[in-house]
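The values are calculated or read from the model by the stated rules, or taken from the named source; none is laboratory data. If you're wondering where the values come from, they're calculated on a predicted model, not measured in any experiment. For neighbour counting, all protein chains shown are included, and Cβ atoms are generated from backbone atoms with ideal geometry for every residue, glycine included. Ligands, DNA and RNA are stripped out before the accessible areas are found, and what is left, the full protein with its side chains, is counted by its heavy atoms. Shrake-Rupley method; radii C 1.70, N 1.55, O 1.52, S 1.80 Å.
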Amino acid sequence: MDILFCYRTYSIFGGNATLNVAGKWLSEHLSESYGGKIESVVFEFCARNVSPPRKTLEASNERFEQFLKELPIAEFQYKGTELRICTKLVKFYHDEVDRDSQVLSLRVFKNILNKSITLLESTPNLLKDMKGFDNFALAEDIKLAVPNAPSTLVELAELYLQQSKT
């Protein structure tokens, strides 16, 4: 099972060093399948903008603000092979999200693992038909993996270096 964590704002989308390491690490600790056709799960953490948007992106910011009102959402994409779960970041704003950051954060690493469990457990409330996908089994496997997660910044940096070589 492939897991991808990413940030979304009105002007950016994607991971950063910590999110990418967390996704790769977690993917390695999961079963290959949790039923249905799902091959990957994408968690999008959406951050509101507090400063004025760039002039050329004002319309994008307005659409994004409307999108934030619909969150959380879950949907199947790519012919049912990917589950996308979007939620709003509560304590972070666009100005604080550095998508291209190469700085590793142990706090972010642990927080997104725990948040992914909560989001997976609430997915049946967002989707009427889970199409054979066992979100609770995936959430349970993530719970089992969390105690094996890096517990120091040094361990996280070593994991980052190890993943960079492959």
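Starting from a Cα-only point model with no solvent, please compute log10 I(q)/I(0) by Debye for the chain at q = 0.08, 0.09 1/Å. At q = 0.08, 0.09 Å⁻¹ the computed log10 ratios are -0.24, -0.31. In the chain, helical runs assigned H by DSSP with n ≥ 4 each contribute -39500 (n - 2.57); averaged across all residues and rounded to the nearest 500, the mean residue ellipticity at 222 nm is -13500 deg cm²/dmol.
Counting every pair of alpha carbons in region 98-166, the share spaced more than 14 Å apart comes to 67 percent. Applying a threshold of 24 Å to the alpha-carbon distances of LYS69/LYS143; LYS24/LYS69; LYS37/LYS128; LYS24/LYS128 flags LYS69/LYS143; LYS24/LYS69; LYS24/LYS128 as lying beyond it. In this structure the chain gives 55 Å² per residue of accessible area when probed at 1.4 Å with all protein chains present. Taking the three principal axes of the alpha carbon atoms in region 19-83, the coordinate ranges are 45, 26, 19 Å, sorted in descending order. With R₀ fixed at 25 Å, the C-beta to C-beta distance from LEU161 to ASN111 puts the FRET efficiency at about 0.70.
Tally the DSSP beta bridges in region 1-142 and give the antiparallel ones as a percent, rounded to 5.
Here the share of antiparallel DSSP bridges comes out near 30 percent.
If you roll a 1.4 Å probe over region 2-164 with all protein chains in place, what percent of the accessible area is carbon or sulfur? It is 51 percent, rounded to a whole number. Among all helices in the chain defined by DSSP H, which have a length of 24 Å or more along the axis from Cα atoms plus a Kyte-Doolittle mean of at least 0.0? The answer, listed by residue number, is 106-126.
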